[in-house]
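Everything on this sheet refers to the single structure shown next.
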Amino acid sequence: KQWYQRRVRGTFDGAVLCSGVTVKEGTTISPDCILSYDTTVGPGVTLKRGTRVTAPVRNTDRTESECSGDSEDTRCSGEDEASPPLHEILGADHWGVLYDSDGGYRPTGHTDTPCALLLSDSSDSTPVPSEPDQDVGFYSEVLDSFRAGFTIRKDIDGVLIEVNASKHAYNVSVWDQLMYVTRALLEMSPSPAQFRTHLEYFGPLFVKLAGDRQTETVILEEVVTWARDEGRLGELQSILHSLYDADVVDEGSILAWVVHLEEDVRERIGRFVTWLQEADEESSEEEED
């Protein structure tokens, strides 16, 4: 079983490519880009550094009719005419939403092809950066290290050394490492209460592996992917709260990430997000005073 699938025909370095992403032939993804799950970019474009693409959100301020994909120019009404159309930025076969640095969305039009797992007919697809057998081998070793470490309460730095040794042995990227250690912790936890207990031990390991918005976003995306795969979206709010309490992810990362989510997922975690927003507002008011 492959828990994380991408179809990549371009090149990338220092970017985050989440589950279900398709990068079409001749596409270059610059560092610090984030492609959220089930998005497609390309062919033959270069994404500028820091570009963020996510799946379309149903309740954006602009309706699909205002941003029709039938026209070659996919600019929305009222958008700066100097801004290039999305097909020039993300490619002719793109599927996704460009999330601008000011927090605004530019919804794309729909292509005639399915939205996520698209491949052209030429040349073979090559997963990047690691092969499926390597991924499975790495994940298996991480799970073994986690289970053994937790059983004997091994020093967490020792567990981290084992995980990093497996990473280098299997030539796994830092992004895949983060995803698989997140998956391993979730797989070990048959309930939210068990997850919280495990996180009390493993939390410092995640803090050392993550620590910025990009890496925290990888963890958050993998939690959602796992919850969907396992039919456990009902536990998502509790799991995210535990990650927040353990300082694995902070409120800034969560609030920036949540706007990318599909409506059904946002509804599942609505109370937690509202609580974070209110706490953030109170903190801002205190700083102003």
Using the structure shown, select from LYS48/LYS167; LYS24/LYS48; LYS24/LYS208 the pairs with a Cα to Cα distance greater than 22 angstrom.
-> LYS48/LYS167; LYS24/LYS208
Take SER191, project a point 7 Å from its Cα along the Cβ direction, then tell me which residues of segment 219-241 have their backbone nitrogen under 18 Å from it.
-> 232-241
Full-stretch length increase - GLU278, LEU255 - with 0.36 nm per residue and alpha-carbon distance subtracted | 7.1 nm
Order by protection proxy (mean Cβ within 10 Å, highest first), peptides 151-160, 195-204 = 195-204, 151-160
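Quick note: the coordinates plus some simple rules give every number you see, no bench work behind them. Just so you know, these numbers come straight off a predicted model, no measurement behind them. Because the Cβ atoms are built from the backbone with ideal geometry, glycine has one as well, and the counts that use them run over all protein chains shown.
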